[in-house]
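All of the numbers you see were taken from the coordinates with simple rules; none came from a lab. Predicted model, so just to flag it, every value in this text is computed and none were measured. Here the Cβ is made from the backbone with ideal geometry for all residues, glycine too, and neighbour counts use every protein chain on show.
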Amino acid sequence: MCEADYREPDGGFAATVAAVVADVLGIDRVGLDDSFYDFGGTSLQAISLCVRLEKATGRAIEPVDVLEYDVLADLITLLSDGSEGSRG
């Protein structure tokens, strides 16, 4: 697990994103300050994460967005912003 203090995602949308990220990474939970890289996230997992997040949230992002917005809080902000990530 990463060294940052665990901050639990609040709200339904954030909790949904966190659950998908944790599942793709094969971990029990991921906190708002945790980085995709801290858990050994790979480019293949980033692709899988994009597909799963679009199914769960209806918001499309690209794998490069996962790699750029690697901290969960930043990824949630990107997704909740309504932007289309690198496509927009």
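Counting Lys and Arg as +1 and Asp and Glu as -1, each charge on the Cβ, what is the dipole of the chain about the Cα centre in debye, to the nearest 20? Could you put the intermediate results ahead of the total?
Working: 6 positive and 17 negative charges, 84 e Å.
So the dipole magnitude of the chain works out to roughly 400 debye.
Can you tell which of Ser35, Leu67, Leu49 lies farthest toward the positive end of the dipole of the chain, using +1 and -1 charges on the Cβ of basic and acidic side chains (Lys, Arg; Asp, Glu)?
Working it through, the farthest residue towards the positive pole turns out to be Leu49.
Per the helix-only calculation at 222 nm, which mean residue ellipticity applies to the chain, given -39500 (n - 2.57) for every DSSP H run of n ≥ 4 and division by its residues, nearest 500 deg cm²/dmol?
Values: 4 runs with 44 residues, N = 88.
Result for the chain: -15000 deg cm²/dmol, rounded to the nearest 500.
Per-residue HN-Hα couplings for the stretch 10-15, Karplus 6.51 cos²θ - 1.76 cosθ + 1.60 at θ = phi - 60°, whole Hz, x for Gly and Pro?
In residue order, the calculated couplings are 10, x, x, 5, 4, 5 Hz.
With a ≥ b ≥ c taken as the square roots of the eigenvalues of the C-alpha gyration tensor of the stretch 12-82, please select rounded if a/c is under 1.5 and otherwise prolate if a/b is larger than b/c or oblate if it is not? Working shown, then result.
On the way: a/c = 1.30, a/b = 1.15, b/c = 1.13.
Judged from the Cα gyration tensor, the stretch 12-82 comes out rounded (a/c under 1.5).
Taking only C-alpha pairs under 8 Å that are 6+ residues apart, what is the relative contact order of the chain in percent? Please list the in-between numbers first.
Values: 115 pairs, mean separation 24.9, N = 88.
Relative contact order of the chain: 28 percent.
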